[in-house]
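The values are calculated or read from the model by the stated rules, or taken from the named source; none is laboratory data. As the structure is a prediction and not an experimental result, all values here were calculated from the model. Heads up, the Cβs are rebuilt from the backbone with ideal geometry, glycines too, and the neighbour counts pull from every protein chain shown. Ligands, DNA and RNA are excluded from the accessible area calculation, which covers all protein heavy atoms including side chains. Shrake-Rupley method; radii C 1.70, N 1.55, O 1.52, S 1.80 Å.
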Amino acid sequence: MVRMSGKRGNGEGSIYPYKNGFAAYAWVTTPEGDRKRKYVYGKTREDVHDKWIKLHSEAKQGPVVTSSPTLGQYLARWLREVVEPDLKPKTAETYAMHARLYITPGLGSKRLDKLSVRDVRSWVNALLEQCQCCAQGLDAKRDTPRCCAAGDCCERIPSRRTVQDARAVLRSALTNAMTEELIPKNVAGLVKVRSARKKKRHPWSVEEARQFLEAASAAHDPLYAAYVLILVLGFRRGEVLGLTWENVDLDAREISVQMQLQRINRRLVHDETKTEASTAVLPLPEICVAALQRRQKERELAKQAAGELWSDSDFVFTTRYGTPVEPRNFNRRFVDRSTRSGVRQIRLHDTRHTCGSLLAALDVHPRVAMQILRHSKIAVTMEVYTHVPSEATRRALRKLGKHLGKQDPE
């Protein structure tokens, strides 16, 4: 056995004995443009020599990071300097949530440049089986523990879709790290998460939607017009709550979808819709015109009743004091009205799937319906129009739109 001495070999001018092994360095240019020493370590001279050669090769190809942050440190900076300035507030909040709840607890202590495919794969596998009530200590924060902290796990495991989204956020962060030349490859992009089966939704039939709207109208529900816009025009919650009178032209029978109202980081944010495709000027069917005319009258009565307590704003839908409607409260009101109407419970978002059938029942011309539904081809719209409701339902909906606007709210 040949004993390796501490003497440097030819061409190894920067390799030297260090602690229980060897070390070496090379001069590199950092991403910031500074010239610094970069060190490599190993138990044998051969190991260090190989690392040293690789380091020289990297230095010739471009900037080299001399000190790498942990993934948790990098995520905090990425969210602050890249995500928050560049993305929509709601999207930024969602990214931060995934980082806080899932990525940082599992991978945050790993050095960014040392993060491996195996690390990410192990994290994904653990997340698919990990009760988040236990992991986040949610039960321990309650006055009286009743599940994980009490030794009875509630098995609150993230859905496969949640795990997919968390991995997508990590992949996005590492893509930015590659752009900044902090890492050579995106290890999160090499780990796949099998897609979950899509749950089959069962939206309301036209008859159920009619029953719901008739009950809301008879009860003079102040959100009746909001329900009409959601069911007939396919408005999303944020779009209907963010609607202002400036975007409603009852004379021209048009409505403009431009803004949305969302609660983000504990404050209400009135901002543009998420994408350009979500922004549109839509024609108003008769039932929508009538509902909005009624809403105008209700607003004036509410303003008179509130007196000095009224908070003036241009929002179409407000509380009795003129303030914006809380998004979560809107969901609660929808659930309560569904119960009172005697129709089965569905998600608020599922009402969009009833929209096309309602337009057919209201005898809205297919070309107009195509514009409202934002279909690119008329053939897609015509598929919806083949599901024709009963004539009795058609008459009831036409009557609701025709006469409602002429009635003063009680």
Checking residue 123 against (1) in a helix (DSSP H, G or I); (2) under 21 Å from residue 177 (Cβ atoms); (3) open to solvent by 30 Å² or more (accessible area, probe 1.4 Å), only one condition comes out false. Which one?
(3)
Condition broken by residue 265, with the remaining ones in (1) more than 30 Å from residue 367 (Cα to Cα); (2) at pLDDT 90 or above; (3) among the polar types (S, T, N, Q) satisfied:
(2)
Given (1) among the hydrophobic types (A, V, I, L, M, F, W, C); (2) within 22 Å of the chain's Cα centre (by Cα); (3) open to solvent by 80 Å² or more (accessible area, probe 1.4 Å), identify the lone condition not met by residue 190.
(2)
Those helices (runs of 4 or more DSSP H) lying entirely in segment 1-110 with at least 3 residues closer than 30 Å to residue 261 by Cα and modelled with pLDDT of 90 or more:
71-78, 89-98
Against the conditions (1) of a type outside the set (A, V, I, L, M, F, W, C); (2) out of contact with any helix residue (DSSP H, G or I) (no Cβ under 9 Å at 6 or more places or on another chain); (3) part of a loop (DSSP other than H, G, I, E, B), where does residue 161 fall short? Just the number, please.
(3)
Considering every residue within segment 221-244, establish whether at least one is out of contact with any Ser or Thr (no Cβ under 7 Å at 6 or more places or on another chain), among the hydrophobic types (A, V, I, L, M, F, W, C) and open to solvent by 10 Å² or more (accessible area, probe 1.4 Å).
no
The one condition residue 306 fails out of (1) under 19 Å from residue 371 (Cα atoms); (2) open to solvent by less than 70 Å² (accessible area, probe 1.4 Å) is (1)
Which of the residues belonging to segment 37-94 are more than 42 Å from the chain's Cα centre (by Cα) and acidic (Asp, Glu)?
46, 47, 50
Taking the condition hydrophobic (A, V, I, L, M, F, W, C), closer than 16 Å to residue 183 by Cα and surrounded by 13 or more Cβ atoms within 10 Å (Cβ to Cβ), does residue 52 pass?
no
Selected residue (only one of 351, 318, 339 is modelled with pLDDT of 85 or more, surrounded by 16 or more Cβ atoms within 10 Å (Cβ to Cβ) and under 18 Å from residue 208 (Cα atoms))
351
What are the pairs with Cβ atoms under 6 angstrom where one residue, in segment 288-300, is closer than 12 Å to residue 316 by Cβ and the other, located anywhere, is part of a helix (DSSP H, G or I) and small (Gly, Ala, Ser)? Sequence gap at least six, or different chains.
291/225; 292/225; 295/225
What number of residues within segment 59-84 satisfy the criterion of being buried (at least 17 other Cβ atoms within 10 Å of the Cβ), farther than 23 Å from residue 117 by Cα and of a type in the set (S, T, N, Q)?
0
For segment 314-366, the count of residues that are free of Cβ contacts under 8 Å to residues at least 12 places away in the same chain, farther than 22 Å from residue 260 by Cα and not hydroxyl-bearing (Ser, Thr, Tyr) equals 3
Contact list, first residue from segment 72-83 and touching a residue at least 40 places away in the same chain (Cβ under 8 Å), second anywhere and open to solvent by 50 Å² or more (accessible area, probe 1.4 Å), beta-carbon distance below 7 Å, six or more apart or interchain, is 75/104
